[in-house]
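One structure below.
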Amino acid sequence: MCGALFLTEWRLLGGQHPIVGYGIFVLGAIVSVVNYYISYLRYPVHRMLGNSKDSYKHVSGVPLFGGLVLIGAWLLPQNFWLSLATALLMLLDTGSISWFVVMAWSDPSFWGKKNA
């Protein structure tokens with residue numbers, strides 16, 4: 001949903017605060033990439049380094065923070081590539097609202113169905 005707003009090139013305050021916007025964008029991008037790494041890449045890297053399954057300890061990312069901070073990119077001037085990068089980062093951020101909707105939609109208990 002938020003990614004669609006970025007692609008429409010709508011900006012807060014007409015993009016008059018680019019330094020603040022870039023700083024907020026970078027912070028959100030870092031959190032989004034870390035969330036993706038923790039969710040999908042950390043375990044395979046752990047195993048490729050020769051560590052056992054038992055030695056792996058699951059850690060959680062930072063839910064919602066990356067996606068919400070990426071909204072700060074609305075302070076930037078219009079730029080198609082930055083908008084596209086923001087939309088992709090929001091899709092990659094496994095702690096964002098879009099992933100919550102995907103996971104809730106695919107969870108049978110959310111719909112009142114019992115697991116067999």
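Working only within the stretch 30-54, note down all residues that are within 28 Å of Ala85 (Cβ to Cβ) and of a type in the set (D, E, K, R).
Arg42
Within the stretch 21-43, identify whether any single residue is surrounded by fewer than 16 Cβ atoms within 10 Å (Cβ to Cβ) and at pLDDT below 80, and answer yes or no.
Yes, that holds for at least one residue.
Scan the stretch 82-101 and give yes if some residue there is over 24 Å from Gly21 (Cα atoms) and either at pLDDT below 75 or exposed (fewer than 15 other Cβ atoms within 10 Å of the Cβ) (or both), otherwise no.
Checking the stretch 82-101: at least one residue is over 24 Å from Gly21 (Cα atoms) and either at pLDDT below 75 or exposed (fewer than 15 other Cβ atoms within 10 Å of the Cβ) (or both).
The values are calculated or read from the model by the stated rules, or taken from the named source; none is laboratory data. Bear in mind that the values here come from a model prediction, so they are computed numbers and not experimental data. Cβ sites come from the backbone with ideal geometry, for glycine too, and all protein chains shown count toward neighbours.
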